[in-house]
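A.B. asks: One structure, as structure tokens, below. Some questions next.
The values are calculated or read from the model by the stated rules, or taken from the named source; none is laboratory data. Here the structure is a predicted model, which means the values were calculated and not measured. Please note: Cβ atoms are built from the backbone with ideal geometry, for glycine as well, and neighbour counts cover all protein chains shown. Heads up: the accessible areas ignore ligands, DNA and RNA and are worked out on the full protein's heavy atoms, side chains in. Shrake-Rupley method; radii C 1.70, N 1.55, O 1.52, S 1.80 Å.
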Amino acid sequence: MGTNFSSLDDILEEDMHYWYTKFMKESPSGVITLFELKTMLDMTGMTEEASSYVDQVFFTFDMDGDGYIDFVEYIAAISLLLKGEINQKLKWYFKLFDQDGNGKIDKEELETIFKAIQDITRSYEIPPDEIVTLIYEKIDVRGEGELTLEEFISGAREHPDIMDMLTKMMDLTNVLEIIVKGQQKKGIN
């Protein structure tokens, strides 16, 4: 299995056979489609923003852009979310936030994602516009109203409060639990 998978074994603290069996049980076709992911997450009644966020998560993890998450992409996603290094996570957050793919995050993109996350997690402690204002006040030092990847990473690393907020907001543990355990409604464990 080579060097790449030995580090994944350590990261996941499980063997690849377990994860492969689990993946194939949940997705006998060997791939997860966007529709299947939304079904696993029970997106019924979710806002358009929440649905759009799940789309963005899916397309971010669909690394080869073929419209499916295969086993390798599945393992990479789980590894990143569970044990990824801070720079890896920040790059992933940035890619997720940059909805139009122009290499910059504007306030609207960030607020849309934070609203969607709150809709999915059902946690509404801090209004998204306040979060965005705080991030831009501290990180957008040139006042351009948009952040590049470099500004985003250095700004988050220089401001522990921003990093902590991003980490909490982007905690997809509950989503991973649903995917790993299978959809409870189907009785799959």
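A.B. asks: How much of H17 can a 1.4 Å solvent probe reach, expressed as accessible area in Å² and rounded to 10?
C.D. replies: 130 Å²
A.B. asks: Now, a different point. Please work out the FRET efficiency for the pair N87 and R122, using the Cβ-Cβ distance as r and a Förster radius of 35 Å; give the result to the nearest 0.05.
C.D. replies: 0.70
A.B. asks: Return the FRET efficiency for the residue pair T21, D64: r is the Cβ-Cβ distance, R0 is 30 Å, and the value is rounded to the nearest 0.05.
C.D. replies: E(calc), rounded to 0.05, equals 0.85.
A.B. asks: Roughly how many Å² of F59 are accessible to a 1.4 Å probe, to the nearest 10?
C.D. replies: 110 Å²
A.B. asks: Efficiency by 1/(1 + (r/R0)^6): what FRET value for V72 and T39, r their Cβ-Cβ distance, R0 = 25 Å, to the nearest 0.05?
C.D. replies: With a Förster radius of 25 Å, E is 0.70.
A.B. asks: Taking 0.36 nm per residue of sequence separation and subtracting the Cα-Cα distance, how much length would be gained by fully extending the chain between D100 and E150, in nm to one decimal?
C.D. replies: 16.2 nm
A.B. asks: Ok, one more. Considering all projection directions equally, how large on average is the shadow of the alpha-carbon convex hull of region 13-181, in square nanometres?
C.D. replies: Mean orientational projected area (region 13-181, Cα hull): 9.9 nm².
A.B. asks: Moving on. Separation between the T47 and D161 pseudo-spin-labels, each 7 Å from Cα along Cα→Cβ, expressed in nm?
C.D. replies: 2.5 nm
A.B. asks: Which GluC sites (Glu not before Pro) from region 45-135 combine a DSSP loop assignment with at most 12 other Cβ atoms within 10 Å?
C.D. replies: E85, E125
A.B. asks: Can you send over the solvent-accessible area of Y124, 1.4 Å probe, protein chains only, in Å² to the nearest 10?
C.D. replies: 130 Å²
A.B. asks: Ignoring ligands, DNA and RNA, what percent of the 1.4 Å accessible area of region 13-181 is carbon and sulfur?
C.D. replies: 53 percent
A.B. asks: Tell me, in nm to one decimal, what length is gained between S29 and R142 on full extension, where the rule is 0.36 nm per residue of separation less the Cα-Cα distance?
C.D. replies: Extra length from S29 to R142 when fully extended: 35.8 nm.
A.B. asks: While we're here: In what order, largest first, do I75, I126 sit by accessible area if the probe radius is 1.4 Å?
C.D. replies: Result, largest first: I126, I75.
A.B. asks: Using heavy-atom solvent-accessible surface (probe 1.4 Å) with all chains present, what is the largest-first order of D62, D55?
C.D. replies: Result, largest first: D55, D62.
A.B. asks: Counting only protein chains, not ligands or nucleic acids, how are V31, V54 ordered by accessible area (probe 1.4 Å), most first?
C.D. replies: V31, V54
A.B. asks: Within 10 Å of each candidate Cβ there may be at most 10 other Cβ atoms; applying that plus a DSSP loop requirement, which trypsin sites (Lys or Arg not before Pro) in region 37-125 survive?
C.D. replies: Sparse-neighbourhood loop trypsin sites (Lys or Arg not before Pro): R122.
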